[in-house]
Every structure is written in C-alpha cells, then in structure tokens.
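Please read the structure below before turning to the comments.
The values are calculated or read from the model by the stated rules, or taken from the named source; none is laboratory data. Predicted model, so just to flag it, every value in this text is computed and none were measured. Positions of Cβ are generated from backbone atoms using ideal geometry, with glycine treated the same way; all protein chains shown enter the neighbour counts. With ligands, DNA and RNA removed, areas are computed over all heavy atoms of the protein, side chains included. Shrake-Rupley method; radii C 1.70, N 1.55, O 1.52, S 1.80 Å.
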Amino acid sequence: MKNILLVLSTTRQSPKTIDAAFEKAKEEKRGVTALFVLDSEMPESIFEKLTDIGFTGEKPSQQLHDSILAEYRVRGDRKLKDLGDMARTMAVSFKTIIREGDFTKECLSVIGEEEADFVIITRKKRSSLSRFIFGSALAEINDKTHCKMLIIDE
Amino acid sequence: MSKKEDAEKGIINCPFNPGYLKLLLASHGMRIEESIVDEIEQTLKTRRGVSGGVELILPGDVWVNVPTEEDFAHASPLTLVKEKKKFYITGYGNRIEVSIVPQPAFYEKVTSRGTPYYQIAVLHGGEVHITPTSRCSFFELNANCVFCHEREKFLPIAREFITVEEVLEIVEAAFNDNLADTVELNIGYYDSEDRGILHLEPYIKAIKRNFDTLVSVDVQPPATNSWIDRTYAMGVDKISYHMEIFDKAIFKNLCPGKEKEIGWQRFAEALQYAAGIFPSGTVSTNLIVGLEPAASTVKGIDYLTQMGIMPILTIFRPLKGTPLQDTPVPEVDDMAPIFGHFYNAVKKSKMNMSWSKNVSTYLTPLESRFFAGEDARFQVVMQNIYKTKVGGKAVRGYTGLRRRLKVKEVEDSFESSGL
Amino acid sequence: MNVSIDRRPLWTILLVRSFRYIALGVLFSLTYLVAHRVPPEGLSQEGLRAAAVFGLSLVLWVTHLLPLAITGLLAIVLIAVMEILPAKDAYALFGNEAIFFILGALILASAVLKTGLSGRLALIMLTLFGSSPRYLLFGIFISSALLSFWMPEHAVAAMMFPIVIEIARGLELRPLQSSYGKALFIALAWGAIIGGVATFLGGARNPLAIAILKETTGKSIGFFEWMLAVVPIVVILLCVAYAIITFFCRIEMESFDRARELIAEKKIKLGRATLEEWMTGFIMTATIILWMFFSHSLGLANIAILSVVSLFVFKLVSWKDVEEYVNWGIILMYGGAICLGSAITKSGAAFWAGNLIIGSWASTPSALVIIFAVLAIFLTEGVSNTAIVAILLPLGISISNSYNIDPTLVTYSVAVPAGLAFMLPMGTPPTAIALSSGYVKVRDLLLQGIILKILALVIFILMTRYYWPLIGIKI
C-alpha cells in the first residue's frame, strides 16, 4: 500500500494533523511520507518591505531573505527528524521530502511524483471572506488531485 | 406567398416544426429524386462516417446532415426533389423548401505537401474540423467503439501526423472562403497521460497565433486534471470528452476500449473538472440517442447538465461496415420527449446554449426548444448576434480576456493563446 | 510546465486584479476635480491645487498603491504641471542638501556592512554582555540600539537577524514556545527602532525632516543639536522598553554555555579586523565627529560626500557595492517630499489645512505639540515613517507661527515620534523581521507595543516640558 502523504509547511505544523497521520498509518498498516514546504511568502514580503518602505539596498534585503529561508529549512529538517523519531517509536515506515517555494505548487508536484492516494493536511484559520476573495490553497489542491484528502482544522 | 397562393400551387402549409423534421431526416435519411442524383453526388464526394450525408438547411436556418447511402435511407419516407431551381423535401403529404449546402471547392484543394484537404478536414456549419492524424489506439488494441469506423479504411494518410503548416493552410483556406470561422481539432485515443492533447498543442498554439478564432478539441480525458488546466491555458475554448453512453453496463459493452483504458468514472470526473475551468456551455460530451434506453439517456442528461456539462445528443446512425450496421434507427416519436427534456434541463442549468450554431450532425439545445414548445426568443437573438462579425469578435474577445484573468501561472510561452 | 487556473468567479478575479487601477483612476479624477474647484475662503487657487496634490500623495503613501518613491516623483511632476511652483524650482529641490547627506550616509553604511565592521561590532558587544541570558538579551538590545545610532535601523535589524537566529537555534529555543526566544527578537526590533531616532543616521525620516524645515523656514538643526535633544529620550526609552520585555517574557534559560560558544565561534571565524575594517571605522568615526561639531561650518552634505569620496579613494567600496547596498528610490522620495512640503507651505495650503484639521483642537502651543506627537506616534504604525514626516511636518511648520512656536520644536515633535513604531509589521521593517523569526506573534507585539507606545508618548511629552527648555528648546 502507498504511504500516506502528510503535508506540513513553515506555517502548517499542527500536532493534531501529525497525530492523525501517524494513527491512520498505524491503523491501515501504511507508511508516512512527510512533505515539508518552506513557504517563501514571508521572506518575500520582508524583502519588499525592506526595499520599498525601508529604502534598504537589494543586497542586504536579499541576504536577510536567504537567511530567513535558511532558518526555515533548518526548522523543517528538525521537524522531520522529530517525526522520524515518532515514526520509529510507532513502528511506521517513514520518508521525508523538503521543498521550497509556493505551497500549492509544491504540494501538487509531490502528490503527482509520489502518486499519493491519501493526503493529510492542516487548514489554517481564516475568514470565509478572505477565502472567497483570495482563494484557498487547499481548495485548489483538492480540485486538482484524484486522491483522498483529510483536512484537519488548525 | 399568401396562404391562398400556396393553396393554388398545391403547396400545403402546416404548422412546421423544424426540429422534428431535422430528427426525421437525421434518423431516417432521405431518397433522392432520380433526376438530381448526379448533382447531389457532387456534394457527397468527401463525406464519410457519421457526417457522410447530404447537408441541408431547413427553414429557420436549421442545418442537418441527412444520410442517403445507408439501407435505411433507401427506404426513407422522405425524398429530395428539385423544381424550378429550388429544392424541396417531400413526404407525409408535406413539401418543405430546403437549401443544399454545396460542395465547396475547398475540398478539391491539396496542401503544400500534396495531401487532399478532404482527407484531413471537414466543414460542418461554421466549423472546420481537422483531424491531424488518422490513428486511434483503440483500433490497435482491438477495443474500438462498436459503432465507429476505422478512419484508415476510408482515408489512408501516408504520414502519421500532418504538419502544423498544412493545418494552417487549411484553416486559412476555410476562413478566406468564408466557409468557417472556428476550428475543431480531434484526435483518437493515445496511451499516454495526456491522452493526445500534447500532440494537438502545437496546432492549437499555431492557430491561435495566426488567426483570431475559437478552437475546440475533441479528445479523450487525460489521466490527471492538471492536463485539463493545461488544455485551457494553451488556448482551447471548447472541449469535448465523449462519453457516448450513460449506462455503465452498455458503455462497457459498446466502448470496450474507453472502459478498459479510461473508465466511465474518469469521463465523469474529467468532465466535471473541465466544467469548473471552461466557460459555461463549452464543455460537452456525446450521448448517442438510440443505443441505450430513453430513460437512461434522460438520466444522463440530468446528471450532466447538473454538473454544468452540455450533452450532445447525436442520433444513432448504423454505419455500414460496423457491427451495428443492422441495428434499427430510433423512432422520432420516441426521441422527441428526450429532446424536449434536454432543452428544459439545459435551460434549468442556465448554461449558455448559444455557442453551437449551424450544427448539422446533432440537434443543438436551442433547436431542441421545438420539442418543448418554447420560442426561446432571447437565446435565439443571442445566437444571431454571435453569428454576426461584431458578435463573433465580442465572443472571442471575452474568451481571450477570461483566459488572461484565469490562467495564473504559465512557465512556457503562450503568445498563441493571447496571454 | 506548471499551469494553475484561478477557480474564483470571474467577477471576483476582475475586481481583485483591477481594484488598483480603479482606485488610482478614482484618485486621479478626484484630484483633478478638487484642483479645479472654486477655492474655499482663506485659500488661494494655487493653494487649492497644492492641497489636492498633497491629498493625493497622502492617500498614495498610506495605501501603497504606488511605491513610495514613485509617489514622491509624481508629486514633483504634478506641482510643476499644475504650476504650483515653477518647474525649474520644483526640480531644483532634488538638489537639496539633505538628499546628498542621506545618500552619503547610506554609502557610508554600505561600506560598514560590506567590510563586515557592523557584524564585528555587534559580536564585540555580545561578547561583552554574553555572560548570562539576561545580559545577552540586554546585549542584543543595546547592540541593535547603538548600531542604529550610526546606521539605518532597517539595515541593522537585517544584519543582526542571522546572528540572533543562530543563537536562538544554538540554545534550542522552540519557535512560538520559548519566551526567551520571543524576548530576543523583540529586543532586536525595538533596540533598532529606538536607536534609530537618536541621530540623523538611523532613519531616512530625520534628515528629511531637517530638509523640510530648512526649505520652508530657512532654519536648521545641527547633528549634535539633534543628539542633545533626542539621545536622553532614547536612553530613557531604552530602559523602559527593556523593562517591558523582561516583564512580559520570562527568561527560562538555565544553561547558557552554548550561546557563549556560538558567539566565540563566530568571533574566531571573523578573525582579526582587516585593514579595510579599520579604515572604514576610522572614516566613519571621523565623519561622525565632523557632523557633530562642524556641520554648521562645513555642511552635513559636504562632510558626507567627502567621506564617500575617501571610501573610493582607498577602495573600501566599489560602485557595484554601492548599487547593491543603496536603494536609489530614497532620492525620489526625498525630492518629492521636500518639493511637496515647500509647495504646500509657500502656497498657504499647509497653513489652511493645518488650521482646519488640527488647529481647531489645539487651544495652546503645548496642545499643538502634543497633538502632532500623538498623530505621528500612532499613524506611524500603519504608514511608513518617512511618509508621516512628509505629511505632517509641513502642516505643523505652517501653523506653528500662529501659536508662536519655534518650528524646530514642531520638527522634533513629528520626526521623533514618527520613528517609534512598535506594534505592527506594516509600520516598520524591524517588527516584520521579528515576526518572521517565528518566535514572536502579532499579539505579543500588539500588547507590549501599545504599552511602550503610550509610555513613549508620555516620556516624550515630559521631556519636551522639562528637559528641552534646559537646552533652549522652548514651547
């Protein structure tokens, strides 16, 4: 049976979602593939603020941008390592993938590559108006995949 | 002519239902008066398959493709006659003036590589249908749809694919001669994730880059929905994934290749997904009337229209050389309620029913109004507007703008789709 | 190949995508209509046009419909086209001394960053204070603050971030869970912000304020004069801010060795100070001394540019470095803001608008000063502090005469509070940087920030009342 795909990111790391993924895996005797997406939105918005409002030069702004992303990567690695320990404890087979970029794009890409048939993912707290006007990453992912999705509210 | 003059000439006027006549002609075909057989033959030279009949224009600007070669056509109660340079359909005590769509010189032309146009393209109303390749893997797998011809029996083409340049020549010729203003590309089954749309991509891009037109495609549903996104982004304005049969058991029997390689469920999923991407009324699927019980077709109409998918109700035509050649054609009186229901279902779904115009091979939703007792004046007016130059330009402008707004991310260059 | 289709209804997409164009269209139309109306009593036609351009610039600066610098440029063009000032005069304001001063200061800062001198100074301070968690926190706070005295605060925050994040990581502080981690990043941000108001170098708004003052009144404030007036406020604020941080954020750390090791490792990695660092430090120190004591005789801009030239003479920076470290948009922003300030003051629009909007609330000079301080300190949370100065200062200077207030006092009252944005990431980049660390939540900044803001306002008002008269700044 294929692994369950657990989707995490810099802003989606709900313990509820993680627990749900491992419990489901154990129940169905499947493994877990943990995808960690380093969301580039926050560093990019800081870059814009520094250059537009702060009138800071491009180089120091870019250096900060890269530094923030590097930190997110370290955190991503650490999180995945923790999950690896959890997987060992629960005797669940475990695989990790770390990607940087747009959350929706990277999710879809990995779902396709891994041919995932079950995805577990966190839904962030947002107002319906915000979802309606600015769209929803989860709705877009859900539309474009065949696989089952379990969405856990933050 | 006044009613008195009509009576003197022996022409009987009765309440005329062009939709009914179209169904009658499409299902029963017509005989041709002996004196005009040769003349009519000229218009049939390049016809084949389900569009292998004579193209007529009935009153009300209703186009119909009428079988004449099949056995059932030779026994038709309707006959085409000519009197004082005018053509009439006679039968059941009636006589209706019609026009013949002449054989355009277009078909006589050859491409720069020497391929006759008629081997690659067919004109249907205002559309030029181009099949860049005669190949359909269902035939190779010995799992073709039971009611379908193998193209190669009729139109051998030496090369697997005609070139993009040849397609552009054909489109230019069709447009310049005012024979068409839109293009449909179709391709048989390909055993790949994209199911053939990738082969059509260069043609679509080239057409969009060189002509201000709408492009439809008729392909099999791809394995994943991201290909449907790409289909829209590459410049396709209308899409058809032909389900053919709604009843799953009959589908499995009559379309073994589609069932085995794709699956009925995938058809439904892909259509539903496409309906969320393409504009209203531009996602369609064939349902062949007469190959499954009427109740099943009606159920199919409801199922599809509720999802925003436009059913195309083609009338079963038993083609010579296929296993179903002896299957009886459906009766008009049995079909009429289906079309009445069809019109009401499309109307209820609020889908745009004015896209299809001058279609001869099936009854359009608007034409189906004749079976629901409705005038549909607004939709008819809209369709007439779409048929004008300005209306056509507005529609193309809208579709281009819609694509520009909706397609968020494109990594390759898509100048051809106006992005 | 990746294609993504926007599934929202077409009208929503159209609205979201065209909102900016619609808004700009409405704004430009309104500006035109207002400029061509019959002016109200007390305002000339020219003044009305200036007010219209001012209103447009205000909305654009607040909403960011156009980049700040481009709004500045637009203001100049409109002032010339609408004949509020002759075109020659409008564009000549680009040659303002303040612009060359800030340019020089930014190039000097780029040399400090590029040579690594700023990082070394930060590590030296952290080593001095790195003996315990509490001291380290203080060290980060004071490093940020002291560096921001002499360099743009945003650049300081950006430079300090990797150092602090490595310390946080080394101490295994968990994002969103560690109170100490939260304290470290708030200290980084607030230190930079508070330190940035101390001199002309900490933020672009301070020299801009001086430029507007000089252009509209002929008066000026010297480098040292500013420090004399503001540094005591900064010192008190730093103490208060540190107290707030330590009150709200527990220092739960016990073992601290790893932090000390990290700082030591970084220092070792840096190695000895290079000749470039020494020379840059020397030039920088000399420049600051000259600014402090010789700005009136030599001129701020002259000192700045001469220092810049010396950097190139000694090949301490290349032009490529300057291009990478300096944001040229600041020149457009400055030029526009100074031109706009000059236009609305000379045309009388500033006086009219100032009286209309603020004058009715202020019955006394003290009240006027307080009102401007309050407006500046709160508006700066949502609007760039440079824009706040460009918007409020011309109004304040124009009506200061009616209240018999020295316009330099009004300048301090707008420029200093305008730099004190503690609560929201929109207000100033250092708070956004703190948020990006993952240790700080918006509600932490809101809660602690509002307390600091109110206390800052009180401290400022008390200093204007009791300290400034001692140094000759009287209401």
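Length, then width, then depth: along the principal axes, the Cα atoms of chain B run 71, 48, 45 Å.
Summed over qualifying helices (DSSP H, 4 residues or more, each -39500 (n - 2.57)) and divided by its residue number, chain C shows a 222 nm mean residue ellipticity of -24000 deg cm²/dmol.
Net length available on complete extension from residue B:141 to residue B:191 is 17.0 nm, with 0.36 nm assigned per residue and the Cα-Cα distance removed. Packing order of peptides B:31-39, C:297-305, C:372-380, highest average first: C:372-380, C:297-305, B:31-39 (average count of other Cβ atoms within 10 Å over each peptide's residues).
Figure note: B:303, C:91, C:21 ranked by solvent-accessible area, largest first, 1.4 Å probe, ligands and nucleic acids not counted: C:21, C:91, B:303.
The residues of the range C:94-471 expose, per residue, 35 Å² of accessible area to a 1.4 Å probe.
The convex hull of the Cα atoms of the range C:316-455, projected and averaged over all directions, covers 11.0 nm².
Taking each of A:105/B:238; B:299/B:348; A:124/C:182; B:85/B:389; B:238/B:347; B:252/B:348 in turn, the alpha-carbon distance tops 24 angstrom for A:105/B:238; B:85/B:389; B:252/B:348.
Helical runs (DSSP H, four residues minimum) scored at -39500 (n - 2.57) apiece and divided by the length of chain A put the mean residue ellipticity at 222 nm at -18000 deg cm²/dmol.
Secondary-structure-derived ellipticity at 222 nm for chain B, considering helices only, amounts to -11000 deg cm²/dmol, per-run term -39500 (n - 2.57) for DSSP H runs with n ≥ 4.
Calculated FRET efficiency, residue B:381 to residue C:91, Cβ-Cβ distance, R0 = 56 Å: about 0.45 to the nearest 0.05. For chain A, the extents of the C-alpha atoms along the principal axes are 55, 35, 26 Å, listed from largest to smallest.
As an equivalent ellipsoid, the protein assembly as shown spans semi-axes of 74, 36, 24 angstrom, where each value is the square root of five times an eigenvalue of the C-alpha gyration tensor, largest first.
The mean number of partner chain beta-carbon atoms within 10 angstrom of a residue's beta-carbon across peptide A:59-71 is 6.
Residues considered: A:110, A:37, A:119. Largest GNM mean-square fluctuation over chain A, using C-alpha springs under 10 Å, is found at A:110. Taken across both chains, chains C and B shield about 1600 Å² of accessible surface from a 1.4 Å probe. Comparing Cα centroids, the range C:243-305 and the range C:121-145 end up 11 angstrom apart.
Amide H to amide H distances under 5 Å link residue A:6 with A:33, A:34, A:35, A:120, where only residues 5 or more positions off or on other chains count and H is placed in the peptide plane.
At a threshold of 50 Å², the residues of the range C:1-47 that become less accessible to a 1.4 Å probe in the full protein assembly than in their chain on its own are C:1, C:2, C:3, C:4, C:5, C:6, C:7, C:8, C:10, C:17.
Answer rounded, prolate or oblate for the range C:233-357, using the Cα gyration tensor with square roots of eigenvalues a ≥ b ≥ c: rounded when a/c is under 1.5, else prolate when a/b is larger than b/c, else oblate. Note, shape of the range C:233-357 comes out oblate. Rounded, prolate or oblate for the range C:148-226? Axes are the square roots of the Cα gyration tensor eigenvalues, ordered a ≥ b ≥ c, and the cut-off for rounded is a/c under 1.5. Judged from the Cα gyration tensor, the range C:148-226 comes out prolate (a/c at least 1.5, a/b above b/c). Each of residue C:177 and residue B:389 was given a label point 7 Å from its Cα along the Cα-to-Cβ line. The distance between the two points is 7.3 nm. Between residue A:66 and residue C:267, the FRET efficiency estimated from the beta carbon spacing at R0 = 25 angstrom works out to 0.65. Residues in the range A:1-153 average 47 Å² of solvent-accessible surface per residue, probe 1.4 Å, ligands and nucleic acids excluded. Could you give the length gained by full extension between residue C:37 and residue C:296, i.e. 0.36 nm per residue of separation minus their alpha carbon distance, to one decimal place? Net length gain for the segment: 88.8 nm.
Taking the Cα centroid of the range B:330-393 and of the range C:4-32, what is the distance between the two, rounded to the nearest whole Å? Comparing the Cα centres of the range B:330-393 and the range C:4-32, I get a distance of 36 Å.
A convex hull fitted around the alpha carbon atoms of the range B:249-395 yields 129 Å³ per residue. Of the DSSP beta bridges with both residues in chain B, give the percent that are antiparallel, rounding to the nearest 5. Taking every DSSP beta bridge with both residues in chain B, the antiparallel ones total about 50 percent.
Of the solvent-accessible surface of the range C:382-475, computed with a 1.4 Å probe and all protein chains present, 65% belongs to carbon and sulfur.
Tell me whether the range C:38-98 comes out rounded, prolate or oblate; compute the Cα gyration tensor, take square roots of the eigenvalues as a ≥ b ≥ c, and use a/c under 1.5 as the rounded threshold. The shape class here is oblate. This model, with +1 at the C-beta of Lys and Arg and -1 at the C-beta of Asp and Glu, gives the range C:94-471 a dipole about its Cα centre of some 320 debye.
Residues of the range B:219-250 whose accessible area (probe 1.4 Å, heavy atoms of protein chains only) drops by at least 20 Å² once all protein chains are present, relative to their chain alone: B:225, B:229, B:230. Separation of the range C:411-446 from the range B:65-123 is 79 Å, based on Cα centroids.
Rg and Dmax of chain C, both derived from C-alpha coordinates alone, stand at 23.2, 73 Å. When the solvent-accessible area of chain B is split by element, carbon and sulfur atoms take up 52 percent of it, the probe being 1.4 Å.
Placing +1 on each Lys and Arg Cβ and -1 on each Asp and Glu Cβ, with no other charges, gives the range B:105-377 a dipole about its Cα centre of roughly 340 debye. With each label modelled as a point 7 angstrom along the Cα→C-beta vector, the residue A:117-residue B:79 pair spans 6.4 nm. Extension gain, residue C:258-residue C:62: 0.36 nm per intervening residue step, less the Cα-Cα distance, totals 66.1 nm.
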